[in-house]
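Enquirer: Pasting a structure here, questions to come.
A short reminder: the numbers here are calculations on the coordinates, not readings from a lab. Computed from a prediction, not measured in an experiment: that's the story for all the values here. Cβ placement follows ideal geometry from the backbone for every residue including glycine, while neighbour counts extend to all protein chains displayed.
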Protein chains: 2
Amino acid sequence: MMNSDAAPFPGTFGEETAPLYTDLYQLTMLQAYWREGMDETAVFDLFVRRLKDRNYLLACGLEQALEYLEELSFSEEALTYLAAQDQFSDDFLTWLEDFEFTGDVYAVPEGTPVFPDEPLVEVVAPIGEAQLAETFLLNQITFQTMIASKAVRVVEAARGGDSERLVADFGMRRMHGTDASMKAARAAYIAGVDATSNVAAGQAYDLPITGTMAHSYIEAHDSEMDAFREFAELYPETILLVDTYDTISGVKKVIELAEEKGDDFQVRGIRLDSGDLAELAKESRRLLDQAGLTDMMIFASSGLDEYKIRGLLDREAPIDGFGVGTKMGTSADQPTLDSAYKLCGYAGTPRMKLSSKKSNLPGRKQVIRQYENGTAVRDVIATVEDPPPGASLLERVMARGTRTEAGVPRPLESIREHAAARVAELPDRLRALDRSEKGYDVALSDAMEGRLEETRQRLERTM
Amino acid sequence: MMNSDAAPFPGTFGEETAPLYTDLYQLTMLQAYWREGMDETAVFDLFVRRLKDRNYLLACGLEQALEYLEELSFSEEALTYLAAQDQFSDDFLTWLEDFEFTGDVYAVPEGTPVFPDEPLVEVVAPIGEAQLAETFLLNQITFQTMIASKAVRVVEAARGGDSERLVADFGMRRMHGTDASMKAARAAYIAGVDATSNVAAGQAYDLPITGTMAHSYIEAHDSEMDAFREFAELYPETILLVDTYDTISGVKKVIELAEEKGDDFQVRGIRLDSGDLAELAKESRRLLDQAGLTDMMIFASSGLDEYKIRGLLDREAPIDGFGVGTKMGTSADQPTLDSAYKLCGYAGTPRMKLSSKKSNLPGRKQVIRQYENGTAVRDVIATVEDPPPGASLLERVMARGTRTEAGVPRPLESIREHAAARVAELPDRLRALDRSEKGYDVALSDAMEGRLEETRQRLERTM
């Protein structure tokens with residue numbers, strides 16, 4: 001049964017219970033580390049193991065991770081809940097009262113393209129603190145990176161060469177809950193999407209908000225023409241939805257309205273939301289141009305993703321903007337990333353998992369991006385002590401629990417510009433929608449190879 | 001840039017901005033309806049158009065929808081944001097100050113199996129109110145229904161006949177944001193999952209919470225044996241993770257620990273998290289039994305879903321419980337439902353959309369489930385005035401903005417029992433994992449057929 005104290009608004013959980021936003025085992029392990037006096041520094045890497053149907057990922061979600069680490073503490077309400085679980089001792093719960101995150105965090109800036117095995121975030125902190133943060137960090141960074149990585153593909157498909165075609169996020173209604181729709185709007189904007197229909201996200205992140213009208217508005221009026229007339233009266237520069245009954249009849253009514261209003265007609269465009277969008281766009285364009293409405297824009301929506309947009313543009317559909325919903329907002333063709341948060345070091349010794357394919361690279365790292373003529377040609381995952389020449393991707397964003405200058409929240413516009421600039425440096429084959437067979441060269445430095453082998457041998461001797 | 005007033009905790013948005021949790025066009029249409037004096041009663045249906053790879057859906061999310069409708073109002077903060085958008089007039093914003101939801105809501109109880117075109121929720125309210133609620137209702141009910149519908153399959157696969165095999169939700173780290181992981185834990189529990197690793201969900205919904213240990217805990221210790229010994233000392237009835245270095249060696253260490261501790265050994269089980277789980281489970285079982293540890297349970301995790309669980313059990317893997325994560329928590333094979341919220345009536349007249357395949361059934365409805373020998377054999381979507389014999393699925397849960405007795409929050413246990421009982425009434429072919437070719441018979445009543453045809457003809461004359 002719902003605990004009425006828990007959620008101030010349906011769809012949220014409150015600040016009071018934020019420290020409980022974790023897997024139970026993080027808390028039982030935290031108590032074990034505390035009981036055993038294990039408080040030495042651990043290194044945890046957050047990385048993605050495989051790309052699957054992406055040529056690169058666009059890192060996103062760091063800002064929320066840092067906010068969480070800054071604010072992490074146990075409220076009385078959280079402690080009361082834990083006390084009721086019969087697994088936690090009173091002295092441990094007392095110790096939790098003063099718990100805070102005191103570690104260092106290194107991270108790739110949001111909006112940076114990344115590749116498998118490269119740490120997006122490296123947490124260097126007393127082991128219990130770093131362990132507890134795993135679940136929230138994975139949750140936010142996996143999701144936001146997944147959405148940014150999907151949205152950048154949609155933007156690439158829509159913009160083609162240097163077109164000005166617009167892309168709007170229309171996905172909130174079928175995203176996975178409220179937080180998803182907030183963070184996806186943010187991630188999509190970073191990836192180059194122009195606006196969102198999500199008003200709360202507009203408010204929270206200062207994003208451009210956009211929208212047209214729904215079929216229900218048309219249907220509630222006595223006729224489509226009445227609905228168009230009323231809506232354009234109130235919102236002169238609106239976009240009219242023309243497919244409620246029959247798309248081409250709808251377009252003709254828009255033209256009729258233009259003739260009716262003469263110089264007062266300021267409607268910016270029409271939206272197509274069903275049927276063969278390429279054919280309908282062409283026929284609509286022809287009718288609009290014929291009527292002298294050459295500035296009227298044509299927007300399209302309805303089950304769009306990067307592949308459908310490419311298909312429409314390959315057919316030379318005269319579409320000026322796309323409303324992209326569910327398939328972008330759930331990253332429907334790949335609704336998860338194979339992300340991991342792995343212990344790489346403890347008490348000064350590199351650590352790793354040996355079994356099966358789920359291993360990790362031991363020790364602290366730096367990722368170096370190497371360029372030729374302005375194009376990224378190779379990344380090297382190096383030991384932090386021994387980086388080869390090139391641009392370092394990991395920055396220290398938090399020191400002893402406090403944000404460094406590199407960790408100060410960045411304006412979304414600047415993250416978006418960073419993303420566009422970094423994506424522009426990628427080879428064309430990675431920016432294409434289809435999977436690049438050649439892929440991208442991610443190498444281990446010699447020192448990293450050496451440490452990997454050394455750690456493996458040590459573990460095989462001692463396990 | 002993040003508006004620091006907006007989110008009290010990263011991953012949430014506050015009560016203050018809840019009314020903004022909608023698509024912009026809902027607000028522009030609301031103003032248009034208000035300006036035009038259109039305040040007559042509308043009927044909106046929330047339904048799913050297609051099942052795709054499911055044989056039925058398990059309705060879920062109504063409780064959060066009702067909480068939202070009960071609390072829907074515009075705070076000063078929300079109004080200030082809207083005032084800054086240059087689309088909303090002062091008199092409209094003043095009117096919004098007193099806005100509340102005053103309508104009726106009819107709904108299928110949570111945990112009820114439903115089929116395409118059947119309304120999960122029917123909102124009957126002044127059109128602007130019903131319109132505004134679209135986005136939140138779709139967001140919550142689509143997601144929760146999708147997860148419950150996936151989780152019930154996982155449970156069917158794990159339990160097989162009448163086994164006691166446990167299923168735990170381990171998915172929070174890769175679910176889509178914080179709200180998803182809260183609501184998914186709730187939906188999965190309703191569907192029959194036994195526990196969640198999500199502590200915040202445990203607290204908010206009073207769910208059983210569970211967890212074992214992570215590889216990092218093992219790796220941080222000097223040896224696997226040390227880690228097992230320490231963890232079992234603190235948590236005598238724990239489950240030990242045996243695959244960090246080599247699964248069979250891990251099992252042997254557990255046996256060693258049992259010998260070491262003798263009668264004090266109370267460890268409940270081991271967890272396998274990589275490799276060929278069926279083979280490893282058989283070998284582990286053999287070793288444990290040989291050592292007299294016949295009560296030790298074997299838990300498995302690692303990329304599980306209903307198909308992998310079936311595969312393991314088909315190979316007679318002696319597994320007693322499954323930790324199921326990402327694939328259940330994102331409904332990875334079908335990460336969205338084709339849900340819709342459509343105007344079916346306004347001012348006493350049935351309404352519908354004509355174009356292409358995205359139509360809807362006009363007017364108010366009842367869904368009747370008909371049984372033969374205790375098995376559901378047919379649903380009939382009927383006009384509300386003319387229901388055929390059978391069990392009515394839609395109940396009035398809200399009247400004039402207030403919950404009715406049927407709408408009072410139900411204990412999660414009782415929703416879970418309702419779900420189990422209703423699923424047990426379905427034909428076996430629908431409960432199977434594979435898509436039933438025969439499917440289920442969902443008919444329209446004669447009166448509904450008549451209304452559909454009549455409405456279509458009227459619209460074709462007048463559009």
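Enquirer: So the label point sits 7 Å from Cα along the Cα-to-Cβ vector; using that for A:D264, what distances do you get to the other copies, in nanometres, sorted shortest first?
Expert: Taking the point 7 Å beyond Cα along Cα→Cβ, the inter-copy spacings are 9.0 nm.
Enquirer: Beyond 15 Å, what percent of the Cα pairs of the stretch B:125-189 remain? Provide the component values of the computation, followed by the final result.
Expert: Details: 1248 of 2080 pairs.
More than 15 Å apart: 60 percent of the Cα pairs in the stretch B:125-189.
Enquirer: Hey, another quick one. According to the Cα gyration tensor, what semi-axes, each the square root of 5 times an eigenvalue, does the equivalent ellipsoid of the stretch B:135-273 have, listed from largest to smallest in whole Å?
Expert: On the way: eigenvalues 230, 54, 33 Å².
Its equivalent ellipsoid spans semi-axes of 34, 16, 13 Å.
Enquirer: Here is a follow-up. Need the C-alpha centroid separation for the stretch A:407-439 versus the stretch B:273-330, integer Å.
Expert: When both Cα centres are located, 41 Å separates them.
Enquirer: Defining a contact as two alpha carbons under 8 Å apart and six or more residues distant in sequence, what relative contact order in percent does chain A show? Spell out each step's value before the answer.
Expert: On the way: 875 pairs, mean separation 93.4, N = 463.
Computed over chain A, the figure is 20 percent.
Enquirer: Please list A:143-154, B:201-212, B:185-196, A:342-353 highest first by mean number of surrounding beta-carbon atoms within 10 Å per residue. Intermediate values should be presented prior to the final figure.
Expert: On the way: A:143-154: 28.7, B:201-212: 22.3, B:185-196: 26.8, A:342-353: 20.8.
The most tightly packed comes first, giving A:143-154, B:185-196, B:201-212, A:342-353.
Enquirer: Translational D (Stokes-Einstein, µm²/s) of the stretch A:26-125 at 37 °C and 0.692 mPa s when Rh comes from the Kirkwood sum over C-alpha pairs? List each step's numbers first, then the result.
Expert: Numbers: Rh = 15.8 Å.
D, rounded to a whole number, is 207 µm²/s.
Enquirer: Then there is this: Can you run the Rg to Rh ratio on the stretch B:305-370? Use alpha carbon positions and the Kirkwood inverse-distance Rh. The partial results should precede the final answer.
Expert: Numbers: Rg = 21.0 Å, Rh = 16.4 Å.
Rg/Rh for the stretch B:305-370 comes to 1.28.
Enquirer: Here's another thing I want to ask about it. For B:R396, what charge total do you get from the other residues with a beta carbon under 14 Å from its beta carbon, if Lys and Arg give +1 and Asp and Glu give -1? Write down the numbers at each step before the final one.
Expert: Working: positive: B:R364, B:K365, B:R400, B:R403; negative: B:D104, B:E122, B:E395, B:E405.
Every neighbour counted, the sum reads 0.
Enquirer: Per the Debye formula with a single identical scatterer at each Cα and no solvent contribution, what log10 I(q)/I(0) holds for chain B at q = 0.06 Å⁻¹?
Expert: -0.33
Enquirer: Which of the residue pairs A:K183/B:K365; A:K327/B:K353; B:K308/B:K438 have a Cα-Cα distance greater than 27 Å in the structure shown?
Expert: A:K183/B:K365, as the Cα separations exceed 27 Å there.
Enquirer: For the protein assembly as shown, report the translational diffusion coefficient in µm²/s to the nearest whole number, using Stokes-Einstein at 25 °C, 0.890 mPa s, and a Kirkwood Rh over Cα pairs. Kindly include the intermediate steps, with their values, before the conclusion.
Expert: Details: Rh = 28.9 Å.
Answer from the Stokes-Einstein relation: 85 µm²/s.
Enquirer: Now, a different point. Would you kindly work out, in nm and rounded to one decimal, the distances from the label point of B:T462 to those of the same position in each other copy, ordered shortest first, with label points 7 Å along Cα-to-Cβ?
Expert: Output for B:T462: 8.1 nm, nearest copy listed first.
Enquirer: Pull up the DSSP beta bridges for the protein assembly as shown and report the antiparallel fraction as a percent, rounded to 5.
Expert: Percentage antiparallel, nearest 5: 65.
Enquirer: Now for a separate question. Normalising by the residue count of the stretch A:153-329, find the relative contact order in percent from Cα pairs under 8 Å and 6+ residues apart. Please report the intermediate quantities before stating the final value.
Expert: Values: 296 pairs, mean separation 49.3, N = 177.
Contact order relative to length: 28 percent.
Enquirer: Right, something else. Size of the stretch B:323-410 along its principal axes in angstrom, Cα-based, largest extent first?
Expert: Principal extents (Cα only, largest first): 49, 40, 34 Å.
Enquirer: P(r) of the stretch A:340-463 in 10 Å steps, Cα pairs, percent per bin?
Expert: Spelled out bin by bin, the stretch A:340-463 gives 11, 30, 34, 21, 4, 0 percent.
Enquirer: At 37 °C and a viscosity of 0.692 mPa s, what translational diffusion coefficient does Stokes-Einstein give for the stretch B:266-394, taking Rh as the Kirkwood radius over Cα pairs? Give it in µm²/s as a whole number. List each step's numbers first, then the result.
Expert: Working: Rh = 19.6 Å.
Using the Kirkwood radius from Cα pairs, D works out to 167 µm²/s.
Enquirer: Find every distance from the label point of B:P236 to the corresponding label point in the other copies (7 Å from Cα along Cα→Cβ) and write them in nm, one decimal, shortest first.
Expert: 8.1
Enquirer: If you don't mind, there's one more thing I want to ask. Residue by residue, what Karplus-based ³J(HN,Hα) values in Hz, rounded to whole numbers, does the stretch A:233-248 have, using 6.51, -1.76 and 1.60 with θ = phi - 60° and x for Gly and Pro?
Expert: In residue order, the calculated couplings are 5, 7, 10, x, 9, 6, 10, 9, 8, 9, 9, 5, 10, 8, 4, 5 Hz.
Enquirer: DSSP loop (so not H, G, I, E, B), at most 12 other Cβ within 10 Å: list which GluC sites (Glu not before Pro) in the stretch B:123-199 pass both filters. Could the numbers behind the result be given before it?
Expert: Numbers: sites: B:E129, B:E134, B:E156, B:E164; in loops: B:E164.
Listed in order of number, the matching sites are B:E164.
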